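Okay, structure first, notes after.
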Amino acid sequence: MSEIGSTLARRALGRELRRMRTAKGLTLAEVGRAAETSPQSISRTEDGLSTRVTRLQMNALCDLFGATDAERRMMLGLVDEIRKAHKSKQGGWWRGYADEIHYDFDHYLALEDAAKRLITWKVTTLQGLLQTPSYRRALAWAESPTAPPEQIEKRIEWATRRQSLLENKRLEIDVILSEAVIRNQIGGAAVMHEQLQHLVNVMALPNVSIRVVTFDKPSHLGLLSGSFVLLEFPPLPQSKMMEPPVVYVEEYAGDLFLEREADVQRYRNALQDISRVALDQSKTRRLILDVAKEYAA
């Protein structure tokens, strides 16, 4: 819970800080001087990333912005909420694998851990939460063919540990896959047979939904959008402020986090189109089992 509170409170603090700064037409440097910190630290705070912000600094910024009493209480409340979460010293489990996790994905894992719902559309490969160790190992060797075996196994270890989220009853996980995902032979037929059997088992979990979009009834918006995850969040634990959703787009050269309402709505529209043509869970299960039999033949 502490990681949830910290992640969402940092996002809320950063969003309000940016709103108040831009409303006054101030630069990052001007705000940094008032808080006696660097422009880079202000930028990180606005982005919802982990930075140290004190009540003294926030009071100085509220003075600079000419904040109302209500705005000041809100900002100081968020600072207190972040500090309270940090005092519990329960950082995300993935911090122990920092050497194996790209910085952008570290940020995604914090958001994923704080989410109440994940809605995923995958076009070519399975998302990490659903991968078997053998499937993940095949992808890891493709990504890093010269990596030491122990490094690959460390990646498998943290990827497997991440899958404990599947058992989190407070997290709703909706996955829609292109048929290509279950047809692309990652690691060979035996690996895919095991992987598809695993998908069927995961589908039995009460908080997980998996559906497939078949080749003969594609979603054109889904083809255009590429793979993405829409993350929805619960209210902040202390202040009960509502947190807006985030769209995460994982790309080979870098990741995107989209928070603007117009951007998020575009991806919601894509999800509506994708969901409209996707098989229901029962038909998806039959299709996955049929393809698994093909791999076993």
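No lab work stands behind these numbers, since they all come straight from the coordinates. Bear in mind that the values here come from a model prediction, so they are computed numbers and not experimental data. Using ideal geometry, Cβ is built from the backbone for each residue, glycine included, and neighbour counts are taken over all protein chains shown.
Counting every other Cβ atom within 10 Å of each residue's Cβ, PHE228, PHE257 order from fewest to most as PHE257, PHE228.
Using the crude model of +1 on Lys and Arg Cβ and -1 on Asp and Glu Cβ, and no other charge, please compute the dipole size for segment 3-87 relative to its Cα centre, in debye to 20.
Roughly 140 debye for segment 3-87.
For HIS193, the shell of other residues with beta-carbons less than 10 Å away shows a net charge of -1, using +1 for Lys and Arg and -1 for Asp and Glu. What shape does the chain have by the C-alpha gyration tensor, where a ≥ b ≥ c are the square roots of the eigenvalues, rounded means a/c under 1.5, and otherwise prolate means a/b greater than b/c and oblate the rest? Prolate is the answer for the chain, as a/c is 1.5 or above and a/b outweighs b/c. Paramagnetic label reach from GLU294 (point 7 Å along Cα→Cβ; backbone nitrogen cut-off under 16 Å): within segment 115-142, residues 124-125. Residue order for SER225, SER209, fewest other beta carbons within 10 angstrom first, comes to SER209, SER225.
Summary of the geometry: segment 159-203 and segment 48-74, compared by the centres of their Cα atoms, lie 44 Å apart. Calculate how many DSSP beta bridges within the chain are antiparallel, expressed in % of all such bridges and rounded to the nearest 5. The antiparallel proportion sits near 50 percent. Overall, the chain carries a charge dipole of about 700 debye about its Cα centre when +1 sits on the Cβ of Lys and Arg and -1 on the Cβ of Asp and Glu, all other atoms neutral.
Averaging sequence separations of C-alpha pairs under 8 Å and six or more residues apart, then dividing by the length of the chain, give the relative contact order as a whole percent.
It rounds to 19 percent for the chain.
For the chain, the residue among VAL208, HIS220, TRP158 whose Cα projects farthest onto the positive side of the dipole built from Cβ charges is VAL208.
Ranked by Cβ crowding within 10 angstrom, fewest neighbours first, how are ILE152, ILE210 ordered?
ILE152, ILE210
Is there a pair in LYS84/LYS154; LYS84/LYS240; LYS122/LYS217; LYS116/LYS240; LYS116/LYS217; LYS217/LYS283 whose C-alpha atoms are over 20 Å apart, and which pairs would that be? Distance filter (> 20 Å) returns LYS84/LYS154; LYS116/LYS217.
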